[in-house]
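> Quick one: structure below, then a few questions.
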Amino acid sequence: MPNLSVGHSLDTLVDLAESFSSNQKIKVFAGYSGWSPGQLEEEMKRGSWLVHPASLDLIFKADPAHLWKSILDTKGWQYRLIGQSPDDLSRN
């Protein structure tokens, strides 16, 4: 995807920070997830993950507070029900 970089190098982050321009947007996500060999592939085969195509609009223009719900709304009524569930299921 043009204008999108996924990586884990500190040097790359430093380069991005040094090239900052007020007419460009940058979003940095930090965290860690790890799987044993083959684990993610197996989880994908089992349908354990909800997946959705990425787009620059979702990454840079969408309101992060409502992103999950707005994506689920586009996927059909079954997913819309998940998106409408309260964060605390005891309030359901």
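The values are calculated or read from the model by the stated rules, or taken from the named source; none is laboratory data. The structure presented is a predicted model; accordingly, all values stated were derived computationally and were not measured. Because the Cβ atoms are built from the backbone with ideal geometry, glycine has one as well, and the counts that use them run over all protein chains shown. Each accessible area value is taken on the protein alone, full model and side chains, heavy atoms only, with ligands, DNA and RNA left out. Shrake-Rupley method; radii C 1.70, N 1.55, O 1.52, S 1.80 Å.
> Just give me the residues in segment 63-82 being under 26 Å from residue 25 (Cβ atoms), over 11 Å from the mean Cα position of the chain (by Cα) and open to solvent by less than 60 Å² (accessible area, probe 1.4 Å), in sequence order.
Scanning segment 63-82 gives 70, 72, 73.
> State whether one or more residues within segment 26-45 are touching a residue at least 40 places away in the same chain (Cβ under 8 Å) and open to solvent by 100 Å² or more (accessible area, probe 1.4 Å).
Scanning segment 26-45, I find no residue that is touching a residue at least 40 places away in the same chain (Cβ under 8 Å) and open to solvent by 100 Å² or more (accessible area, probe 1.4 Å), so the answer is no.
> Given the conditions (1) assigned to a helix (DSSP H, G or I); (2) out of contact with any helix residue (DSSP H, G or I) (no Cβ under 8 Å at 6 or more places or on another chain); (3) modelled with pLDDT of 90 or more, report the number of the one that residue 47 does not fulfil.
Evaluating residue 47 over (1) assigned to a helix (DSSP H, G or I); (2) out of contact with any helix residue (DSSP H, G or I) (no Cβ under 8 Å at 6 or more places or on another chain); (3) modelled with pLDDT of 90 or more leaves (1) as the failure.
> Search segment 80-92 for residues that are hydrophobic (A, V, I, L, M, F, W, C) and pair each with any residue that is in a helix (DSSP H, G or I) when their beta-carbon atoms are under 6 Å apart and the residues are at least 6 apart or on different chains.
Correct list of pairs: 82/72.
> Looking at (1) in contact (Cβ under 8 Å) with a residue 12 or more places away in the chain; (2) under 23 Å from residue 82 (Cα atoms), which is the only condition residue 53 fails?
Going through the list (1) in contact (Cβ under 8 Å) with a residue 12 or more places away in the chain; (2) under 23 Å from residue 82 (Cα atoms), residue 53 breaks only (1).
> Can you name every residue in segment 24-44 that is over 24 Å from residue 55 (Cβ atoms) and assigned to a loop (DSSP other than H, G, I, E, B)?
32, 34, 35, 36, 37, 38
> Can you name every residue in segment 50-71 that is among the hydroxyl-bearing types (Ser, Thr, Tyr) and either more than 17 Å from residue 6 (Cα to Cα) or touching a helix residue (DSSP H, G or I) at 6+ places or on another chain (Cβ under 8 Å) (or both)?
Result: 70, single match.
> In this structure, is residue 21 outside any helix (DSSP H, G or I), hydroxyl-bearing (Ser, Thr, Tyr), open to solvent by less than 100 Å² (accessible area, probe 1.4 Å) and on the phi < 0 side of the Ramachandran plot?
Criteria met by residue 21.
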